[in-house]
There are 2 protein chains.
Amino acid sequence: MRETCVPTGVELKDTGFGYTLSLIGGKYKMIIMYWLSENKVMRFNELKRCIGTISFKTLSIMLKELEADGLIKRQEFPQIPPKVEYSLSERGLSLIPVLNMMCEWGEKNSLPALEAVKR
Amino acid sequence: MRETCVPTGVELKDTGFGYTLSLIGGKYKMIIMYWLSENKVMRFNELKRCIGTISFKTLSIMLKELEADGLIKRQEFPQIPPKVEYSLSERGLSLIPVLNMMCEWGEKNSLPALEAVKR
DNA sequence: AAATACACTCTCCTTTTGGTAAGTATATGA
DNA sequence: TCATATACTTACCAAAAGGAGAGTGTATTT
């Protein structure tokens, strides 16, 4: 019987792309990072308005996860009404080229785009 | 009141990275493509053995989706017992650099790796 | 005096995702 | 003759993800 291939049974999270995917796979996470890379600093409701289709709950969870993963920074100002500013961290910035590459591939290779080319 | 930012309400799927993510976000999809890029041509059970932790059902679904998205080719041989060969398509091949970039970023920036560096 | 804005949280619900285990039809090897 | 191999599919479940809508406390604006 043929031997099984070498790294059999490796968990997704233990591979490089699996780990990367676990950080940016959440819905809207890449979009949040995109907005932060464009605007540098943004507040919670500002992000909500920009993304539009995201719910409060999801935005809240995504921001917490991004912060826990060290991709964004959260600065809270002790004011009333409250003020919280989000921005990319160094680590988050280093991911932007990866996002750009995914973005470019997607724009060039999306099926709708391909159909538009055919016409 | 401040205007909302320009592309408000854009659905995830309609962005470049959102589209790319929808193609490779499924569990094990990137791993399947990795194996196909290494071995060129593989059969169903061969992939199953290599990946190890994937179930028949999930592998089956992922392969169908990858094929529907034009990332892999499926060739069926009318034999008994059956024989089916999977390989990357041109389009699938063009995604490999993206996977590589994600892989490299993940390996350099995974938290376990960072902890190992500290010691 | 009432509405609005800030940054969230909470509960309930639905959808999606993925896993387990068993089954299919047939041929080959022990 | 019986197990094993091929490439799957099907039914049933459990967990996770994400959405909807209401609520919180205070201050400014109308």
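No lab work stands behind these numbers, since they all come straight from the coordinates. Model, not experiment: these values are computed from the prediction. Cβ atoms come from the backbone with ideal geometry, glycine included; neighbour counts cover every protein chain shown.
A point 7 Å from Cα along Cα→Cβ stands in for A:Glu76, and the other copies hold the same point at 5.8 nm, listed in rising order. Summing charges over neighbours of B:Pro97, with a neighbour being any other residue whose Cβ is under 11 Å away from its Cβ, gives -2 when K and R count +1 and D and E count -1.
The Cβ shell under 10 Å around B:Glu85 holds other residues with a net charge of +3, Lys and Arg each +1, Asp and Glu each -1. Calculated on the Cα set of the range B:5-102, radius of gyration then Dmax: 15.2, 60 Å. Summary for A:Ser60: label point 7 Å along Cα→Cβ; distances to the equivalent points in the other copies, ascending, 4.1 nm. With label points defined 7 Å past Cα in the direction of Cβ, position B:Pro97 shows copy-to-copy spacings of 1.3 nm, given to one decimal and shortest first. On the principal axes of its alpha-carbon atoms, the range B:63-102 has extents of 41, 16, 15 Å, going from largest to smallest. When each of the peptides A:15-21, B:98-104, B:80-86, A:93-99 is scored by how many other beta carbons lie within 10 Å of its residues on average, the order from highest to lowest is A:15-21, B:98-104, A:93-99, B:80-86.
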